[in-house]
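The values are calculated or read from the model by the stated rules, or taken from the named source; none is laboratory data. If you're wondering where the values come from, they're calculated on a predicted model, not measured in any experiment. A quick note on method: Cβ atoms are made from the backbone with ideal geometry, for glycine too, and the neighbour counts reach across all protein chains shown. The accessibility values were calculated without ligands, DNA or RNA, using every heavy atom of the protein model including side chains. Shrake-Rupley method; radii C 1.70, N 1.55, O 1.52, S 1.80 Å.
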Amino acid sequence: MTSSAVLHGQRPKTGRRGHAPRLRRGTRAGDAGELVDGKEKAVCKLCETHLSFVAGQGTTHLNRHIASYCREIPPEDRERFLATMKTKPNDGDQHVFDPAVFRGLIAKYFISAEIAFRKAEDPCWKEMINYCQPSFRIVGRQSVRGDCLLLYEEEKLILIDKIAKQKSHVSLTADLWSSNQNLGYLGVTAHFIDEEFELQKKIIAFKQVSYPHNSFAVQDGFTSCLLEWELIDKIFTLTLDNASVNNRAMSDMRDALGSQMFFRGEPFHVRCGAHVLNIMVQSGLKVIPNAVGRIRDIIKV
């Protein structure tokens, strides 16, 4: 509903799905106005109130009449009209829809809610977007995927710049594992203290690596990660489990990149204490397998 629809058009009628129909816009004030004391006045077609009308002087007072004073407008129609008048917080300018910004917000939503890209093709999703902003050209799953990758690259550059400006060093924790399809994966998390002395942790890599996990595959995966994130001179430690291939890979990395590392890479490789403790417990349980079996039988009873 617009001010011209109420003030210069016909009485709005509830249409399909409870929405007020779109009425003819751009009607001249004189078509629905009256002369009062020799001055042309706009007339509300609902409550017959006379309002001033001067060409080129704006319609703020007409909008105000619809939003607050006309008692003949149904509440649901008034709420929809008020929604069209909303402005940004602390901003006197009317909100302007930007399709590029909206696509970025869609990408953030898909990432935050962990929604599959195929949901962008869902008819209900398209219907909702079309209702909220009919002028927006709805994007498909490939476009949403591309927007998510662009958002990742932007955030990646911001994080690289943030880490580069830190006076503290960065410690990494990592793990390697294999899927049931014999595919190897590497996950790396960066830990650092920011300028406000807050501990930060960011996942900087989740990639597929060569299988099986030999020392060359492990070294190549970590080296490419350090180069990609420009961390060779910023890294302090890298914590891994106690697998023998990790020991060999870290030794080779220290020989190749140690001259660029903090303290020439001496504190670089840290063995995960939880993994070492787990190995100790498993070895101890092998010494007393009968006792463990009996305890389990007692618990079952």
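Cβ-Cβ contacts under 8 Å between residues 6 or more apart (or on different chains), taken from a first residue in the stretch 194-216 that is in contact (Cβ under 8 Å) with a residue 40 or more places away in the chain and hydrophobic (A, V, I, L, M, F, W, C) to a second residue that is open to solvent by less than 50 Å² (accessible area, probe 1.4 Å) and part of a loop (DSSP other than H, G, I, E, B), are listed as I204/W229.
So in the stretch 112-129, with the set limited to residues that are at negative phi and in a loop (DSSP other than H, G, I, E, B), which one is surrounded by the fewest Cβ atoms within 10 Å (Cβ to Cβ)? My answer is A113. Residues of the stretch 157-182 that are modelled with pLDDT of 90 or more and part of a loop (DSSP other than H, G, I, E, B): H169 alone. What are the residues in the stretch 194-220 that are open to solvent by 20 Å² or more (accessible area, probe 1.4 Å) and among the polar types (S, T, N, Q), if any? Those that are open to solvent by 20 Å² or more (accessible area, probe 1.4 Å) and among the polar types (S, T, N, Q): Q200, Q208, S210, N214, Q219. Taking the criterion of being under 19 Å from K234 (Cα atoms) and of a type in the set (D, E), the only residue of the stretch 156-189 that qualifies is D161.
How many residues does the stretch 221-251 hold that are in a helix (DSSP H, G or I), buried (at least 16 other Cβ atoms within 10 Å of the Cβ) and not small (G, A, S)? Total meeting the criteria: 7. Pairs are defined by a Cβ separation below 7 Å, a sequence spacing of at least 6 or placement on different chains, a first member in the stretch 97-118 that is over 17 Å from C132 (Cβ atoms), and a second member that is loosely packed, with under 10 Cβ neighbours inside 10 Å and not basic (K, R); no pair meets this definition. In the stretch 130-156, what residues are in contact (Cβ under 8 Å) with a residue 24 or more places away in the chain, loosely packed, with under 14 Cβ neighbours inside 10 Å and not in a helix (DSSP H, G or I)? Within the stretch 130-156, Q133, S135, R137 qualify.
Within the stretch 255-274, does at least one residue satisfy the condition of being open to solvent by 50 Å² or more (accessible area, probe 1.4 Å), over 30 Å from K162 (Cα atoms) and assigned to a helix (DSSP H, G or I)? Yes: one or more hits.
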